[in-house]
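The next block holds one structure in the form of structure tokens; read it before the comments.
The values are calculated or read from the model by the stated rules, or taken from the named source; none is laboratory data. Everything quoted here is computed from the prediction, not taken from an experiment. Side chains are part of the model used for accessible areas, which takes the heavy atoms of the whole protein and leaves out ligands, DNA and RNA. Shrake-Rupley method; radii C 1.70, N 1.55, O 1.52, S 1.80 Å.
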Amino acid sequence: MTANRRLTTPFTARTTAAEILDGVDLTGRRMIVTGGASGIGVETVRALAGAGADVTIATRDPRRAEALVEEFAGRGAVSSAALDLADLESVDAFVEGWRGPLDVLVANAGIMAIPTRQLTAQGWEMQLATNFLGHFALALGLHGSLRAAPAARVVVVSSGAHRAAPFDFDDPQFERRAYDPWSAYGQSKTAETLLAVGITRRWAVDGITANALNPGYIFTNLQRHMDDDTMRAMGAMDEAGNLVEADYYKNPAQGASTTVLLAGSPLLAGVAGRYFDDNQEAEVVPGGPDATGGVAAHALDPAAADRLWAYAEKAVVTR
């Protein structure tokens, strides 16, 4: 595969996560899925564990994972552990509790469009902290475990919202500019995509690959912070308050498919630093408020990835 050729696969936007791994044996591979107790995380865990992987669900409340753990009792290795990505002490505790190699880290957990500016205990804007900084600290802490596994992968669940919001290095925490829920969310998703680029630039020598993806439109609890007016403006709710699924919406099993492609498919062996949508590598586009598809160039910019890595590393070390 040449550097300038986009990777294509035989799968489509309607392919389910289980169909991605049909005939693939992941027995013996150890994986972590953050936010694996809800939404597309559940279907990600189901598909990976169904193919034989040993999956740890990292979630703020492990009790929410009990049903999924029980579902695989006697026929797979699914467990859960506490992890609050907005609390770096919780991230540290999770890392300290991990033992042995790690084949795949799926950075799936996230929050979206918090209506007011909220800060973590470390003073970070909540969406940036949860979606990016927590995953950055987690990956950094697990670097040795990823390095100890042959051909480890990091999979970052981003969003098409990144296209409208480059990372604002001058005011990433909205300390001076007016807080906007969608700008904050989009910036955090740009940061997540840049995380995959940063890992590729630093850890490829360790045999670790990293890629990002857009799962598409799926109704999950990710929308819990959105009011009815916003849902109507997006065409996701009618005037009576009923949810409306447009033709382009996916069910959770379809929404998890691109994640599973990057995490477990042999088609992605050795592929790194890229962004996928509907199970295909996305076209690079200029980005901006009018962009409706593809991956924005600002989210794959190696200089921005290096700058963001330095910024986040300093925050983690000096907190």
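Along its three principal axes, how long is the stretch 91-179 when you only count alpha carbons? Whole Å, largest extent first please.
Over the stretch 91-179, Cα extents along the principal axes are 45, 28, 22 Å.
When the Cα atoms of the stretch 35-139 are enclosed in a convex hull and the volume is divided per residue, what value in Å³ results?
Each residue corresponds to 98 Å³ of Cα convex hull volume.
Compute the Cα gyration tensor for the chain, then decide on rounded, prolate or oblate, letting a ≥ b ≥ c be the square roots of its eigenvalues: rounded whenever a/c is under 1.5, prolate when a/b is larger than b/c in the other cases, and oblate in all that remain.
Details: a/c = 1.23, a/b = 1.12, b/c = 1.10.
Cα axes put the chain in the rounded bin.
Can you work out the accessible area per residue across the chain, with the rest of the protein chains kept in place, probe 1.4 Å, in square angstrom?
For the chain, the per-residue accessible area is 42 Å².
Once you have a ≥ b ≥ c as the square roots of the Cα gyration tensor eigenvalues for the stretch 127-187, tell me rounded if a/c is under 1.5, and otherwise prolate or oblate according to whether a/b is larger than b/c.
prolate
Within the stretch 106-163, what whole-number % of the accessible surface is contributed by carbon and sulfur, with the 1.4 Å probe and all protein chains included in the calculation?
After summing per-atom areas, the C and S share lands at 54 percent.
Taking the square root of 5 times each eigenvalue of the Cα gyration tensor, what semi-axes in Å does the equivalent ellipsoid of the stretch 269-319 have, largest first? Could the numbers behind the result be given before it?
Numbers: eigenvalues 133, 48, 16 Å².
Equivalent-ellipsoid dimensions as semi-axes: 26, 16, 9 Å.
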